[in-house]
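Undergrad: Handing you a structure now.
The values are calculated or read from the model by the stated rules, or taken from the named source; none is laboratory data. This is a predicted model, so every value here is computed, not measured. Positions of Cβ are generated from backbone atoms using ideal geometry, with glycine treated the same way; all protein chains shown enter the neighbour counts. With ligands, DNA and RNA removed, areas are computed over all heavy atoms of the protein, side chains included. Shrake-Rupley method; radii C 1.70, N 1.55, O 1.52, S 1.80 Å.
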There are 2 protein chains.
Amino acid sequence: MNYDQIMQLALERGFYFQSCEVYADAQAGFWEYGPSGVSLKNKFVELWRRELVRRDRMMEIDGSQIMSKSVFEASGHLTSFADPIVGCEKCKSIFRADRLIADATSIVVPESADLSEFDRTISEKNIVCLKCKSKLGKARKFNMMFKVGIGPESEPAYLRPETCQSIFVDFPRLFKTMRGKLPFTIAQIGKSFRNEISPRQSLLRLREFYQAEIEVFCNPNKLDGIEKFSEVENTEIRVMINDGIKSMTCKQALESEILPNKLVAYYLGLLVEFYQKTGIDVKKSRFRKLADKEKAFYASVAFDFEVETTVGWLELVACNYRSDYDLKSHASISKEKFEVLDDDVKVLPHVFELSMGIDRSLYTILEHSFREDKDNDRVVLSLKPYLAPIHVGILSLVKKDGLAEKTEEIFSKLRTKYDTFLDHSGAIGRRYRRLDEVGAPLAVTVDHQTLQDNTVTVRMRDSMNQERIKISDLDSYLAKEIAYP
Amino acid sequence: MNYDQIMQLALERGFYFQSCEVYADAQAGFWEYGPSGVSLKNKFVELWRRELVRRDRMMEIDGSQIMSKSVFEASGHLTSFADPIVGCEKCKSIFRADRLIADATSIVVPESADLSEFDRTISEKNIVCLKCKSKLGKARKFNMMFKVGIGPESEPAYLRPETCQSIFVDFPRLFKTMRGKLPFTIAQIGKSFRNEISPRQSLLRLREFYQAEIEVFCNPNKLDGIEKFSEVENTEIRVMINDGIKSMTCKQALESEILPNKLVAYYLGLLVEFYQKTGIDVKKSRFRKLADKEKAFYASVAFDFEVETTVGWLELVACNYRSDYDLKSHASISKEKFEVLDDDVKVLPHVFELSMGIDRSLYTILEHSFREDKDNDRVVLSLKPYLAPIHVGILSLVKKDGLAEKTEEIFSKLRTKYDTFLDHSGAIGRRYRRLDEVGAPLAVTVDHQTLQDNTVTVRMRDSMNQERIKISDLDSYLAKEIAYP
C-alpha cells in the first residue's frame, strides 16, 4: 500500500489529520492524532519503554518544551540550527535553497553547505522562482527555532528543537540523585519544534513532532567495556556498505570495524530488536553511515537507521556519537560541573544518542502492516495485537432478543482493561471489515447461542477463523492474545 | 507532610525539579519530571484512561500545541484571556494586580474585575511597589498566550492555553468519521501554556503544564436523558453549600437541585470515583460552585473540584458548562458546519467539560500518600501499588556467593514487564527505606536460601511483613499485587 492509501486510511479511520483544518489560516506542518492514532502511539511508546527504557535500566524524564536562551547558546542551535533559504526578488516567495536546487536540477547541495555554494549553483543553472519565474535573491540562513517571550518583559526563550537538550541540562542532578554510574542512560519522549521552511507529507516532515531520544553518557575510554553487548551479539542488523546493503550480526559488524565499538554496536542491536517487535519489516531497514557534510553539527560519527517505504528510504532514528560536544559547552556556559567520577577518576562523559522520530515510525508501521486481501475482498491492517488501536470489537449479532443487553454486559466487564469497540448496528460482515481496517485483532460476537450456553464467537482478524469461547474465559483469553512479547 | 517536605522528596528522589536549573536565566514556572515523576505520571494517565476514557467510551485525541490565530479569535482568548497587571513607575517591576492587592490588604478583587476597580483599590489603600515602595502605574490587561511566528514570514500562531480548543476544532471530523451520536465525548491529555505573571509553588502554578480535558458534546434538551447515570447515582460526593461541606449521593444532589441535571451529576460522580482510585483522600474534597465573577469567560455554570492540602484548597478540576459558546463561535468564524443530527433533528451541541490539572493532581497524590512512620523510624510514600514509580525492588542480600548473579537472573525475567529497581549495595535496611520513600510497594530479596530452594523473600512496604515466594510464582504474584482496580 502506498502513501496515498495510508493517508486515506488515516483520515477515514481516525489515525491522523491536519490541525486546525476548519480554518483558512491552518499552518502546514501541524497534524493531530485521532482516536486510532493516539491508541497506536500510546502502545508504541509502551513497547519503547519495555524494550529500551526498562530493559536497559534507563532513566526516563519529561522536561519542559520551552527552554531558556542560554541552553541554545551552549547547544549551538542559536548560531548553527539554520536552513539555507532564498527569496524571490519579485513575488517574495521563500524556498529552501537545497530543495529548490534539487527539484529544479537534481543536483544535491547538502543543507550544511556554504551559502556561496547555493548562490553559485542557482546562478550557473539559471534557477528562477518556482512561482513567478523571477530572479532569486542571495541565499541566507533561517534559524529554525521558535522563539517565545516569557512574562510581561518578554524575556527570550525557545521551544526546544530536540528533546535531548533537557537531558543534557538535567544530567548533573540526575546522575547525583539517582546514584548514577557510567554508562548512565537517560531517555525522554516528548514534543520538539522546528520552524521548517517546507513541511510536507503529513507525519513525515512536521513543525511540531514527537521524539523519543535516548542519551548514553559514557566514559570514552571504556566504549568496549560493555558486558551486556553479549545480549545482542547475534542480532542481525543490515548495514549499507558502498551502496549495497549487507546483513550481519552485531558481532560481525564490530569485528569487521563497520561499527566503531561495543557500546555503539550494543545500542544499534537493541534498536533493531525493538523495531522487529513493532511489526516494521526490518528486512527493509539499513544503517547508513553519514558523510561529513550530511551530519548534524554536533555529531562526530552518525548512523541513520532508515527503512524503505513507498516514499523512499525514511530516516526513523539518527544514531549520533556526539562526543563531549554538549556537556563541555553546557559546563562552560553554565559554570556548573558536568564531570563525574568513574572508578574514582574524573570524566566528562561522552554521549551516544538514539534519536527516534515517533511520527515517522508510526507511519512506517501503518505502511508495512496495511495490505489488500483480494481473496476475501477486504483490506487488513495487520498490526501486532499489542499495538492495535482496538484490541477487540464487541458485537451483537442482532440488536433484539436481549442480545444487545448481553453484549453490553460483556463490554462492561472488559471496558476498563482493554481497548474495546462496542457495535450493535449494520451487517456483521461489514462490521468485521471495519474492524479489520482499523487493525483490531479480535472480535467477540454475541448470538442466540450465547443466551443458552454463555459462549461467544471470537473471530481472528488475520486468519478470519472463528472459535467459541466461554464468557468466563474471555478475560484470560484476551490478556494472552494481546500480551506484549 | 507539608509542601516543603514534598518538595524535598521531589528533589531528592527524582520526582520533579526546576527546568534549566543550571542556568542563571532559568525562567520561573517551568518544571521537569524526573524518573520517579514520569513513572507516577504515566500510571496516573493510564488510570485516567481506564476509569474515564475507556469506561465511558470517550474518543481520545492528541492535537498540536501550536494553533492558528483564527482559533483564538473564535475562542475569545485573543481578547479575553488576560490578567490584570500593574507596573511600578520607577523600578518597572510588574505585579499581578489582584494578587498584589490580596497580599497587601487581604481584599479580594476578582481577576476578572474592571481595571478601574484595581486602580481604585490601589489608590484607596495606598498600595505601593513591593520592591522599591514607589508609586504604581495604571492597571492594564496582559494577554497570557505565548505567540510564535510560523515560517520565514512569521505568520502569527499561539501555543494553546487550554487543550480543549483542539477538541472543539476537531469536533466536526471526529463526529463524522467516528460515526458519532450525542452525547459524544472527546478527551485529550497534553500540554497547555499560559504566560503567568507570577508562577509559583512548583507544580501548582506553571507556565507550561499538563491538562487532561474531557469535553462532552450534548443535546441541551436531553441533559436528563443519560441512562448511565444509574451507574453513579449512589456515589458519594461532597458539595460546598453556604460555606459548609455536605456529603451526599449524586442522586441526592440531583434531587435537591444542587446539581442542575443528570449529565453533570453523572460526570461529577465518575470524576470522584476516579480520584478515589488515585489515593487522594476524597473526604478532603469538595465541589464548589463558582460565583459569576470567578468563572472563566466561557462558562455559564462552573463547579471546581477542590482538594484540601497543606497549602490550602487546590483546584484540581474545573467542571464548566460551556453551553454552545465555543462551537457557535468556531462555526461562525470558520464557516464550517458544527451542527449535527440527533434523532434526525439538527442540533448545535452544548459542551460540558472536566478540565483536570495533572501536575496539581500528582502533587496532591504525593501529599496525601506521604507519611512518617515514627515507630519504625522511616518515611513511607504509601502510593496505590498500580501508581508506584517502582513496582518492585530486586535486591541481593549480599553481592558475593553468587547472589548478585541470581538476582540479575530474576531481574532479567521481570525487567520489561514491571518497573524494577535492581540494587546490590548497602545495608538491606537502608535499601528498604529508600524503596519506602519512593513508594515501591514490594521488594524481592535474594539470599542464601534462594540458591538452595529457588525462593525469595517478598517484603511489603506498608505492613513491612515478609513472605517467601517461589521464583517461578513471582510473575503472577507481582501481576496480581500491582493490578489496576
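Undergrad: Just to confirm the filter: which trypsin sites (Lys or Arg not before Pro) across the stretch A:1-78 are DSSP coil and have at most 15 other Cβ within 10 angstrom of their Cβ? Don't skip to the answer; put the middle values down first.
TA: Values: sites: A:R13, A:K41, A:K43, A:R49, A:R50, A:R54, A:R55, A:R57, A:K69; in loops: A:R13, A:R55, A:R57.
Here the trypsin sites (Lys or Arg not before Pro) that fit, given the DSSP loop and packing criteria, are A:R57.
Undergrad: Would the stretch B:147-229 count as rounded, prolate or oblate if I go by the C-alpha gyration tensor, calling it rounded below 1.5 in a/c and otherwise prolate when a/b exceeds b/c, oblate otherwise? Mind dumping the intermediate values first?
TA: Working: a/c = 3.37, a/b = 1.58, b/c = 2.13.
Here the stretch B:147-229 falls in the oblate category.
Undergrad: List the relative contact order of the stretch B:303-388 as a percent without decimals, with contacts defined as Cα pairs under 8 Å and 6+ residues apart. Don't skip to the end; give the middle numbers.
TA: Numbers: 104 pairs, mean separation 21.0, N = 86.
RCO, the stretch B:303-388: 24 percent.
Undergrad: Report, in listed order, any pair from B:K262/B:K284; B:K141/B:K191; B:K141/B:K293; B:K176/B:K346; B:K413/B:K480; B:K384/B:K470 with a Cα-Cα distance greater than 19 Å. Each step should come with its number before you reach the end.
TA: Details: B:K262/B:K284 24 Å; B:K141/B:K191 24 Å; B:K141/B:K293 17 Å; B:K176/B:K346 14 Å; B:K413/B:K480 17 Å; B:K384/B:K470 24 Å.
Exceeds cut-off: B:K262/B:K284; B:K141/B:K191; B:K384/B:K470.
Undergrad: Further question on the same structure: Let me know the shape class of the protein assembly as shown, please: from the alpha-carbon gyration tensor, a ≥ b ≥ c as square roots of the eigenvalues, rounded when a/c is under 1.5, otherwise prolate if a/b is greater than b/c, or oblate.
TA: On the way: a/c = 1.15, a/b = 1.04, b/c = 1.10.
Note, shape of the protein assembly as shown comes out rounded.
Undergrad: Considering the alpha-carbon set of the stretch A:390-482 alone, what are its Rg and its Dmax in angstrom?
TA: Just the Cα atoms of the stretch A:390-482 yield Rg and Dmax of 11.8, 32 Å.
Undergrad: So how do B:H424, A:H77 rank on accessible area, 1.4 Å probe, biggest first, that is with the largest at the start?
TA: On the way: B:H424 35, A:H77 0 Å².
Heavy-atom accessible area, descending, gives B:H424, A:H77.
Undergrad: Of the listed peptides B:340-347, A:452-459, what is their order by residue-averaged count of other C-beta atoms within 10 Å, with the highest listed first?
TA: Details: B:340-347: 12.9, A:452-459: 16.9.
By packing density, highest mean first, the sequence is A:452-459, B:340-347.
Undergrad: Quick one: give the max-minus-min coordinate of the C-alpha atoms of the stretch B:82-143 along each principal axis, largest first, in Å.
TA: 27, 25, 16
Undergrad: Give me the percent relative contact order of the stretch A:242-308, please, defined on Cα pairs under 8 angstrom at least 6 residues apart.
TA: With pairs under 8 Å counted, the relative contact order is 23 percent.
Undergrad: Right, here's the next one. I'd like the accessible area for B:D4: 1.4 Å probe, protein heavy atoms, all chains in place, Å² to the nearest 10.
TA: Taking all protein chains as shown, B:D4 has close to 110 Å².
Undergrad: Antiparallel DSSP bridges in the stretch A:381-485: what percent, to the nearest 5? Present the calculation step by step, with values, prior to reporting the outcome.
TA: Values: 9 of 18 bridges.
So the antiparallel bridges in the stretch A:381-485 amount to around 50 percent.
Undergrad: Follow-up question, since we're still on this one. Using the alpha-carbon centroid of each, what span in Å lies between the stretch A:247-267 and the stretch B:268-320?
TA: Centre-to-centre (Cα) distance: 56 Å.
Undergrad: Further question: B:F17's amide H: which non-local residues (gap 5+, or another chain) put their own amide H closer than 5 Å, with H modeled 1.01 Å from N in plane and none for Pro or chain starts?
TA: B:E32, B:G34
Undergrad: Nearest 10 degrees, 0 to 90: what angle lies between the long axis of helix A:262-278 and the longest principal axis of chain A (Cα atoms)?
TA: Roughly 30 degrees, rounded to the nearest 10.
Undergrad: Still on this structure, please answer the following. Quick one: with all protein chains in place, what share of the accessible area of the protein assembly as shown is carbon or sulfur, to the nearest percent (1.4 Å probe)?
TA: Numbers: 17660 of 38340 Å².
Carbon with sulfur: 46 percent of the solvent-accessible area.
Undergrad: Report, to the nearest 10°, how far helix B:35-48 tilts away from the longest principal axis of the Cα atoms in chain B, using its own Cα long axis and a range of 0 to 90°.
TA: That helix lies at roughly 70 degrees to the long axis.
Undergrad: Can I ask one more? In what order, largest first, do A:M7, A:M248 sit by accessible area if the probe radius is 1.4 Å? Don't jump to the answer; show the numbers that get you there.
TA: Values: A:M7 35, A:M248 10 Å².
Descending order: A:M7, A:M248.
Undergrad: Compute the long axis of helix A:3-12 from its Cα atoms, compare it with the longest principal axis of the Cα atoms of chain A, and write down the angle in degrees, 0 to 90, nearest 10.
TA: Here the helix axis deviates by roughly 60 degrees.
Undergrad: Further question: What is the minimum Cβ-to-axis distance for chain B, in whole Å, where the axis maps B onto A, and to which residue does it belong?
TA: Nearest Cβ to the rotation axis, residue and whole-Å distance: B:V148, 3.
Undergrad: Could you pull out the chymotrypsin sites (Phe, Trp or Tyr not before Pro) across the stretch A:290-354 that fall in loop regions by DSSP (anything but H, G, I, E, B) with no more than 11 other Cβ atoms inside 10 Å?
TA: Details: sites: A:F297, A:Y298, A:F303, A:F305, A:W313, A:Y321, A:Y325, A:F338, A:F352; in loops: A:F297, A:Y298, A:F338.
For chymotrypsin sites (Phe, Trp or Tyr not before Pro) across the stretch A:290-354 that sit outside H, G, I, E and B with at most 11 neighbouring Cβ atoms in 10 Å, the list is empty.
Undergrad: Let me ask another. Lone cysteines in chain A, defined as no other cysteine's Cβ under 4.7 Å from theirs: which are they?
TA: When partners are defined as cysteine Cβ atoms under 4.7 Å apart, chain A leaves A:C20, A:C164, A:C218, A:C250, A:C319 without one.
Undergrad: Right, next: Can you tell me the accessible area per residue over chain B, all protein chains present, probe 1.4 angstrom, in square angstrom?
TA: Working: 19170 Å² over 485 residues.
Result: 40 Å² of accessible area for each residue.
Undergrad: With every atom except the alpha carbons ignored, what do you get for Rg and Dmax of chain A, in angstroms?
TA: Using the Cα atoms of chain A, the pair Rg, Dmax is 25.6, 82 Å.
Undergrad: Mind checking which aspartates and glutamates have their Cα closer than 15 Å to the Cα of A:K399? Skip sequence neighbours fewer than 8 apart in that chain.
TA: Excluding near neighbours in sequence, the set is A:E408, A:E409, A:D423, A:D447.
Undergrad: Can you return the aspartates and glutamates within cross-link range of A:K337? Criterion is Cα-Cα under 12 Å, with same-chain partners fewer than 8 residues away left out.
TA: A:D170
Undergrad: Work out from phi, with θ = phi - 60° and the Karplus expression 6.51 cos²θ - 1.76 cosθ + 1.60, the ³J(HN,Hα) of each residue of the stretch A:234-244, listed in order in whole Hz, and give x for Gly and Pro.
TA: Residue by residue, the stretch A:234-244 yields 9, 6, 7, 10, 10, 10, 7, 10, 6, 6, x Hz.
Undergrad: Under the definition of Cα pairs under 8 Å and six or more residues apart, what whole-number percent is the relative contact order of chain B? Intermediate results must be reported in sequence, preceding the final value.
TA: Details: 889 pairs, mean separation 64.5, N = 485.
Computed over chain B, the figure is 13 percent.
Undergrad: Only loop residues by DSSP count here, and only those with at most 10 other Cβ atoms within 10 Å; note down the GluC sites (Glu not before Pro) in the stretch A:219-272 that meet that.
TA: Here the sparse-neighbourhood loop sites are A:E257.
Undergrad: Counting only protein heavy atoms, probe 1.4 Å: which residues of the stretch A:148-162 lose 20 Å² or more of accessible surface in the full assembly compared with their chain by itself?
TA: With the partner chains in place, the stretch A:148-162 has these residues losing at least 20 Å²: A:V148, A:G149, A:I150, A:G151, A:P152, A:E153, A:E155, A:L159.
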